[in-house]
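Below is one structure; the comments refer to it alone.
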């Protein structure tokens with residue numbers, strides 16, 4: 001809500017709390033919509049960037065370390081080692097798919113946030129701009 | 001009007017630390033943003049925000065290129081499980097040849113880091129591409145998305161500047177003789 005208020009103040013020069021019921025005309029509503037979309041876009045972008053750094057899960061890496069310990073243990077049957085290797089590969093594959101899916105979702109949120117924000121910007125500008133209003 | 005697009009007194013740019021990774025610097029970003037601001041000459045807060053979005057998209061394009069190049073390093077041809085198994089196999093085979101007095105050299109080869117102009121590395125790069133296909137597919141897509149975002153942000157900025165320029169033109173008046 002703070003981010004929306006900051007964007008709203010940036011757009012209109014007024015605090016959100018100062019707007020009374022009678023002040024909610026089309027332009028003010030458009031400013032609030034744009035401020036909300038700007039805040040969403042900032043969040044979606046920050047989330048997208050934070051997902052770029054997502055690598056293999058630390059638990060999976062710990063599991064692979066344990067696999068190494070198991071492989072070097074001479075008392076373990078080779079069938080057990082083979083099964084452990086097979087399962088480790090499956091977990092790693094699943095983990096990579098999970099990371100890719102998270103990144104893809106974040107990218108989709110960003111694309112949606114960007115297009116909604118661009119649309120809100122066009123409406124906001126059009127309401128205060130007689131030329132573009134005539135074009136519409 | 002509350003949405004006076006010529007108002008320049010409320011420009012607030014987003015704190016870059018919110019969208020920078022550890023290998024990116026605030027100074028580099030601000031330098032890039034400064035150059036864009038000088039080139040594109042935004043005149044109000046809406047246009048400045050648009051320039052900021054262009055700079056962010058620019059940064060994202062470079063970031064995706066960097067990540068793609070990391071995934072294509074020959075050292076990335078094997079995942080952690082494969083590396084663990086290969087290390088164990090290597091040590092087991094060395095032990096069967098040389099016995100238990102094996103010293104050193106069993107920990108696998110150290111990553112030599114990026115080397116450029118090594119044409120013999122093509123097959124290892126192709127292996128890395130195959131091993132990291134899922135990740136690479138995503139990052140190529142993220143790169144093309146960032147390029148599209150950049151294109152659209154530039155288009156919207158030019159449109160905003162065009163609207164602003166046209167607002168400055170006084171309405172035509174019908175002159176009756």
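The values are calculated or read from the model by the stated rules, or taken from the named source; none is laboratory data. These numbers come from a predicted model, not from an experiment. Glycine also receives a Cβ, built like all others from the backbone with ideal geometry; neighbour counts cover every protein chain displayed.
Could you tell me whether the stretch A:70-79 includes any residue that is modelled with pLDDT under 90, more than 10 Å from chain B (Cβ to nearest Cβ) and in a helix (DSSP H, G or I)?
yes
Return the pair list, or none, for Cβ contacts closer than 8 Å from residues in the stretch A:1-24 that are more than 9 Å from every other protein chain (Cβ to nearest Cβ) and free of Cβ contacts under 8 Å to residues at least 40 places away in the same chain to residues that are surrounded by fewer than 17 Cβ atoms within 10 Å (Cβ to Cβ) and in a loop (DSSP other than H, G, I, E, B), at least 6 apart or on different chains.
A:5/A:15; A:8/A:14; A:8/A:15
Restrict the check to the stretch B:104-124 and report whether at least one residue is surrounded by 14 or more Cβ atoms within 10 Å (Cβ to Cβ), within 30 Å of residue A:84 (Cα to Cα), modelled with pLDDT under 85 and more than 14 Å from chain A (Cβ to nearest Cβ).
Checking the stretch B:104-124: at least one residue is surrounded by 14 or more Cβ atoms within 10 Å (Cβ to Cβ), within 30 Å of residue A:84 (Cα to Cα), modelled with pLDDT under 85 and more than 14 Å from chain A (Cβ to nearest Cβ).
Among the listed residues A:120, A:62, A:46, A:106, which satisfies the condition of being closer than 30 Å to residue A:14 by Cα, part of a helix (DSSP H, G or I) and either modelled with pLDDT under 90 or more than 7 Å from chain B (Cβ to nearest Cβ) (or both)?
A:120
Which is at the interface with another protein chain (Cβ under 9 Å from one of its Cβ atoms), assigned to a helix (DSSP H, G or I) and farther than 23 Å from residue B:22 by Cβ, of A:38, A:112, A:83?
Sole residue among the options that is at the interface with another protein chain (Cβ under 9 Å from one of its Cβ atoms), assigned to a helix (DSSP H, G or I) and farther than 23 Å from residue B:22 by Cβ: A:38.
Just a yes or no: is a residue in the stretch B:79-93 at pLDDT 90 or above, assigned to a helix (DSSP H, G or I) and away from chain A (no Cβ under 11 Å)?
Taking every residue of the stretch B:79-93 in turn, none turns out to be at pLDDT 90 or above, assigned to a helix (DSSP H, G or I) and away from chain A (no Cβ under 11 Å).
Filter the stretch A:92-103 down to the residues that are more than 8 Å from every other protein chain (Cβ to nearest Cβ) and either crowded, with 18+ Cβ neighbours inside 10 Å or within 30 Å of residue B:158 (Cβ to Cβ) (or both) and list them by number.
A:95
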